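I have placed the structure first, in the form of structure tokens, so that the comments after it can refer back to it.
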2 protein chains.
Amino acid sequence: MKTTSTALLETHGQAPEGMARGGASVYLKLREAIVDGRFQPNERLVEADLERAFGAGRTAIRAALVRLDQEGLVERQPNRGARVRLVSDREALEIEEVRVALEQMLAKHAATRIKPSDVADLRRILEDMTARVEAGDPLGYSELNARFHETIWAIADQGVAATLVANLKSQSIRFQYRTILQPGRPDRSLREHGLIVEALASGDPDASEAAMREHLSRVVETLKQAIARHRNT
Amino acid sequence: MKTTSTALLETHGQAPEGMARGGASVYLKLREAIVDGRFQPNERLVEADLERAFGAGRTAIRAALVRLDQEGLVERQPNRGARVRLVSDREALEIEEVRVALEQMLAKHAATRIKPSDVADLRRILEDMTARVEAGDPLGYSELNARFHETIWAIADQGVAATLVANLKSQSIRFQYRTILQPGRPDRSLREHGLIVEALASGDPDASEAAMREHLSRVVETLKQAIARHRNT
DNA sequence: GGACAATCGATTGTCGACAATTCTATGCAC
DNA sequence: GTGCATAGAATTGTCGACAATCGATTGTCC
């Protein structure tokens, strides 16, 4: 299950040239492994192990770790190695708050640029989401949910904001199921997404921004409750 | 003229341990040099040269470049070295749009946490800003303007958002004078800042958010015009 | 003289070895 | 057994050397 398209991450990393030969992008492989959960939070990332695991030299591993550290997915302490960074409940909430702000803005811009074919795309995704809810498939729903939002980012054509929000998402991915698994949440979520599509389709920036704000504010609220129930700061 | 406090940048970089010995943080020194404009946009950053300039080993230089690349201040092309990244007019606008979204959100949160002493701090800065405008000192004004906003970030206590907005600012620092140097802009800017302080002082989140939005929207508008006049995409 | 190929210098990429540091386990005193 | 110092292993940090690549210059052919 590839969780996020890597396209947005390469905005200013090494260019995605034709072939990813040799140890060209250990970075991407390591990144995917972390985001997909193949490494646990706080798990140590020993360079020698990674060397064997990815068949790359230590130089490449080292560079990848520096990058991922700067990106916030990995935490490096001098002379003490690197670990998968554990994002706290508190920080997950902060991230979600930022997401609200950015996605609002993206929705506003999307409204001014949306084309009929884009509306069709969104409606199609919405239909699929409905099907998944009815099928009781939260995993599939989550996947489509991600695609829904990514589609809006693409329409907005604001590369800077899109990159940021994508990065934030990979950091907080561990928390994504805490919201959608709440009772009654899928149905409400679905309605909210519907309202977003309608607002966008009408081409009204303010309405679209408001609809997105409404939706994500509820997500934050749900997450807050889920975390309060779960306990630990 | 140190342009930005480095505190926010070390959120998850190497820890700012007691002594910055040897080549401990070539990263910070290089970063400062770039942000302060001691390297021109698009200027090549040859590792051997930097080695001599900073008295550090190539390993450290290399790590710093990787970090700065990930951060967006430097652009590295495989086998072709690193350059200071040139952010286009288009991208500067995108960055400013993101800043609007983030600072709105920060203002909203600041309103719910602000203490009387914070209000006093802001008012004091505002007075200094007024003095600089009257003295016709745009450089000093710009400096205080930065401090004004940073103070609000601190009050909001949203580390994630604050870090992002600080990073964005260092990327677009080259554009900061294009807005403030517009005729009539300082006076209007001053009034807008005054309204922000009042809204924050009243503790009203929505009013604070609105005031910040109003202010930064005008900044965006001004920048748009300045760029249109300046020509090049 | 201009287009193209070959060569050379400059620069980056990678590897291996060693130094420095941290972590673990062992031994010892009490 | 507990606390503490010490030795050894594991791991990271740094350096130097060499290979690979790129850019520019030179040389050659037409």
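The values are calculated or read from the model by the stated rules, or taken from the named source; none is laboratory data. These numbers come from a predicted model, not from an experiment. We place every Cβ from the backbone using ideal geometry, glycine too, and count neighbours over all the protein chains shown.
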message: Anything in region B:70-80 that is within 13 Å of DNA strand C (Cβ to nearest atom) and farther than 14 Å from B:Phe39 by Cβ? List them, or say none.
response: B:Arg76, B:Gln77, B:Pro78, B:Asn79, B:Arg80
- prompt: Is there a residue being more than 7 Å from chain A (Cβ to nearest Cβ), charged (D, E, K, R) and either buried (at least 20 other Cβ atoms within 10 Å of the Cβ) or touching a strand residue (DSSP E or B) at 6+ places or on another chain (Cβ under 7 Å) (or both) anywhere in region B:86-94?
  reply: no
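Which one of B:Thr130, B:Thr59 is among the hydroxyl-bearing types (Ser, Thr, Tyr) and within 16 Å of DNA strand C (Cβ to nearest atom)?
B:Thr59
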- prompt: Can you tell which of B:Val87, B:Val66 is away from DNA strand D (no atom under 11 Å from the Cβ) and touching a residue at least 12 places away in the same chain (Cβ under 8 Å)?
  reply: B:Val87
A:Ile125 out of contact with any Asp or Glu (no Cβ under 9 Å at 6 or more places or on another chain), closer than 27 Å to A:Ala156 by Cα and either away from chain B (no Cβ under 13 Å) or within 14 Å of DNA strand D (Cβ to nearest atom) (or both): yes
- request: Kindly list, by first and then second residue, each pair from a residue in region A:22-49 that is at positive phi to a residue that is within 15 Å of DNA strand C (Cβ to nearest atom) and modelled with pLDDT of 95 or more, limited to pairs with Cβ atoms under 7 Å and residues at least 6 apart or on different chains.
  value: A:Asn42/A:Arg83
- prompt: Exactly one of (1) more than 25 Å from A:Thr112 (Cβ to Cβ); (2) modelled with pLDDT of 95 or more is unmet by A:Ala162. Its number?
  reply: (1)
message: Testing A:Leu200 on (1) surrounded by 19 or more Cβ atoms within 10 Å (Cβ to Cβ); (2) under 24 Å from B:Thr163 (Cβ atoms), one condition comes back false. Which one is that?
response: (2)
field: The lone exception for B:Arg76 - which of (1) more than 9 Å from chain A (Cβ to nearest Cβ); (2) touching an Asp or Glu at 6+ places or on another chain (Cβ under 6 Å) it fails
entry: (1)
query: In this structure, does A:Leu190 turn out to be within 24 Å of A:Val35 (Cβ to Cβ) and in contact (Cβ under 8 Å) with a residue 60 or more places away in the chain?
result: no
message: Just to be sure I understand, how many residues within region B:175-233 are outside any helix (DSSP H, G or I) and at pLDDT below 95?
response: 7
